[in-house]
């Protein structure tokens, strides 16, 4: 008997998963992209909600990791636009922000029962949140 015929469950699940990373902090976005790709995710990066909106019109991503405060279109406006044009993608968001004490941001998160990570983002927490989204939206 060989154990090699049965790959670890998480490997197959993650191999084909696509992530849209929306953040105007290019250094952070590049770092997260590299780390996620090292875990076998396919990652696309957009610098703001306006560019990301064009992206989701073309592709249904498995997970959308989105910063909150960005130029051209902030994370909350991007989320609301996506939930109107592709409502099935609304459950696929993980938000990241450095503005934990911003009342507007806090109120938005509460209003949609958001999955949120606060900067600095720990890679293990991000992967855990991504796994949670994948489990919630499977099927």
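The values are calculated or read from the model by the stated rules, or taken from the named source; none is laboratory data. Because the structure is a prediction, the values reported are computed rather than measured. Neighbour counts are summed over all protein chains in view; Cβ atoms, including those assigned to glycine, are modelled from backbone coordinates with ideal geometry.
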Which one of 114, 100 is within 12 Å of the chain's Cα centre (by Cα), over 23 Å from residue 16 (Cα atoms) and part of a loop (DSSP other than H, G, I, E, B)?
-> 114
Could you please let me know if residue 79 is surrounded by 14 or more Cβ atoms within 10 Å (Cβ to Cβ), modelled with pLDDT of 95 or more, within 20 Å of residue 41 (Cβ to Cβ) and touching a strand residue (DSSP E or B) at 6+ places or on another chain (Cβ under 8 Å)?
-> no
What strands (runs of 3 or more DSSP E) lie completely within segment 1-67 and have 1 or more residues being modelled with pLDDT of 95 or more and more than 17 Å from residue 97 (Cα to Cα)?
-> 18-22, 42-46
Does residue 69 fit the bill of being without any contact (Cβ under 8 Å) to a residue 60 or more places away in the chain, surrounded by fewer than 19 Cβ atoms within 10 Å (Cβ to Cβ) and within 15 Å of residue 116 (Cα to Cα)?
-> yes
